[in-house]
Amino acid sequence: MKIGVEGKNDYALYGRRGMGHRRAKAARRRSIQRFLLAMSVIVVVVAIGLYYMFALPEPTTSPAAQAQASASVKPLERTALLAPLNLPADDTPHGSRMEWWYYNGILKADSGERYAFHVALFVANGLVKQTVMHAALTDLQTGERHISQSRTGGEPTRRDGDGFDFSDGGWQIAVAGQQQQVRVPLDGATLTLDLGDTRTPVAHRAAGSQTPGLIDFGASGISYYYSRPRMQAQGQVVIGDRVVPVRGDVWFDHQWGDFDVLSLGWNWFALHLDNGADLMLYQLFDKTGRKVVTAGTVSDARGATPIEPGQVSIKPAGNWTSPKTGVPYVVEWDITLPSGVLHVKPLAVSSEFDSSATTANIYWEGPVQVSGSAKGEGFLELSGYDRLNSARSAAK
């Protein structure tokens, strides 16, 4: 029958058409899905752009102002990369390239006699560690001067918590924060002192620096540096068989770091003024005599303030040449501060210390008196003049 054949053919024809129709619908459905997905991505991107355009605050300063602000940001100080000063733990030795503990003062007896002294304990770390001691005692009545110096290998100290006790050959320096002891044997004399302090130590820093207790010497290195400007001392001076009880205010310094003490010379002042202020001032110069930096600290019972650049000038006012070594020193000075002009003159001009046997240098260290806009007393240290004199002689 034809019906059977025709029916079969019709079924095949329309069946194939139906299947093609379903495939077309599926393809359109996939195209619509891809279109909707693409539109969703576009919507999300536009929404994020609108958020950042309208939701975030606009800059409050112009690009020029922002550039100026960036330029005004201070660079990170080299001193800020080091550990901060930590007392009393930092009273003890540190093992740095150079370190010293230093005392000076003018001591008075009940009878009115006066004696000036300085004592220094150095520890140097080079190929070998060495400890050096310097001391001088001057009778201000007679001008008689007693000195002593010693050097030993290693570091003969005994640590005790945050303090230490150095003892060697009759020398003793014991430091335990606010309480300290000094015993020094000199040629024909002995000095023994007990010292105490109730004030906060003065942590020196450069003006504008945010790191107290650290001073940057540039190419010469960085130094930790703090002082106790007015330690109350009492003890005795023994000259021959004569024992003289004494007392007075003593200046104490502690300085250490990986700095080079031979690349620079200095004029250093430690002054007790009658108005209660204490002035630490230093002027550094290179081997040619060129001034490198002048800085310092003014302190009293209320606190300490670094001297701003341009606030101070130090001018030579008088010379003295050592008859023993031939080294010329500037021993008189005029110091100009915002508060006025200070005139500094030596109480004992013959205060040269020849330490060529222990540290291969010669320096001037002695007591001074202060007059002018304020009165007072203190100590002056002149270091590097021997090298400066040698450099000038070699240049001739």
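Is it true that L140 is in contact (Cβ under 8 Å) with a residue 40 or more places away in the chain and in contact with a Ser or Thr (Cβ under 8 Å, 6 or more places away or on another chain)?
Numbers: in contact (Cβ under 8 Å) with a residue 40 or more places away in the chain: yes; in contact with a Ser or Thr (Cβ under 8 Å, 6 or more places away or on another chain): no.
So L140 fails the test.
When only residues in the stretch 114-153 that are of a type in the set (V, I, T) and part of a strand (DSSP E or B) count, which is surrounded by the fewest Cβ atoms within 10 Å (Cβ to Cβ)?
Quick first cut of the stretch 114-153, residues of a type in the set (V, I, T) only: 119, 123, 128, 131-132, 138, 142, 147, 152.
Filter once more, keeping what is part of a strand (DSSP E or B): 119, 123, 131-132, 138, 147, 152.
On the way: V119: 25, V123: 22, T131: 21, V132: 18, T138: 23, I147: 17, T152: 15.
Among them, the one singled out is T152.
For E365, state whether it is of a type outside the set (F, W, Y), under 26 Å from V132 (Cα atoms) and part of a strand (DSSP E or B). The answer is yes for E365. The residues in the stretch 154-184 that are in contact with a Ser or Thr (Cβ under 6 Å, 6 or more places away or on another chain), in a strand (DSSP E or B) and more than 16 Å from A89 (Cβ to Cβ) can be counted, and the count is 3. Here is a list: L186, L193. Which entry is closer than 20 Å to H254 by Cβ, touching a residue at least 12 places away in the same chain (Cβ under 8 Å) and of a type in the set (A, V, I, L, M, F, W, C)? Being closer than 20 Å to H254 by Cβ, touching a residue at least 12 places away in the same chain (Cβ under 8 Å) and of a type in the set (A, V, I, L, M, F, W, C) holds for just one of L186, L193, which is L193.
So which residues in the stretch 305-348 are in a loop (DSSP other than H, G, I, E, B) and over 15 Å from Y282 (Cα atoms)?
From the stretch 305-348, those in a loop (DSSP other than H, G, I, E, B) are 307-312, 322-327, 338-339, 347-348; that's our starting set.
Once the filter is applied, which keeps residues that are in a loop (DSSP other than H, G, I, E, B) and over 15 Å from Y282 (Cα atoms), the stretch 305-348 yields S322, P323, K324, T325, G326, V327, P338, S339, L347, A348.
Condition check for D187 on (1) buried (at least 17 other Cβ atoms within 10 Å of the Cβ); (2) touching a His at 6+ places or on another chain (Cβ under 7 Å); (3) of a type in the set (D, E, K, R): one failure, at (1).
Just one of the numbered conditions (1) surrounded by 17 or more Cβ atoms within 10 Å (Cβ to Cβ); (2) in a loop (DSSP other than H, G, I, E, B) is not true of S299: (2). Within the stretch 225-265, the residues that satisfy the criterion of being over 20 Å from E113 (Cα atoms) and at pLDDT below 95 are G257, D258, F259, D260, V261, L262, S263, L264, G265. Would you check if there is a residue in the stretch 342-359 being within 28 Å of D260 (Cα to Cα), at pLDDT below 95 and either loosely packed, with under 15 Cβ neighbours inside 10 Å or of a type outside the set (S, T, N, Q) (or both)? Yes, the conditions are met somewhere in the stretch 342-359.
Here is a yes/no grid of residues against (1) β-branched (V, I, T); (2) touching a residue at least 12 places away in the same chain (Cβ under 8 Å):
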| position | (1), (2) |
| --- | --- |
| M280 | no, yes |
| L284 | no, yes |
| D300 | no, yes |
| T305 | yes, no |
| V312 | yes, yes |
| G318 | no, yes |
| V327 | yes, yes |
| T336 | yes, yes |
| G340 | no, yes |
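Can you tell me which of P212, P201 is in contact with a Lys or Arg (Cβ under 8 Å, 6 or more places away or on another chain), at pLDDT 95 or above and not aliphatic (A, V, I, L, M)?
Working: P212 fails: at pLDDT 95 or above.
Going through P212, P201 in turn, the sole match is P201.
The values are calculated or read from the model by the stated rules, or taken from the named source; none is laboratory data. Because the structure is a prediction, the values reported are computed rather than measured. As a convention, Cβ positions derive from the backbone with ideal geometry for all residues, glycine included, and neighbour counts pool all protein chains shown.
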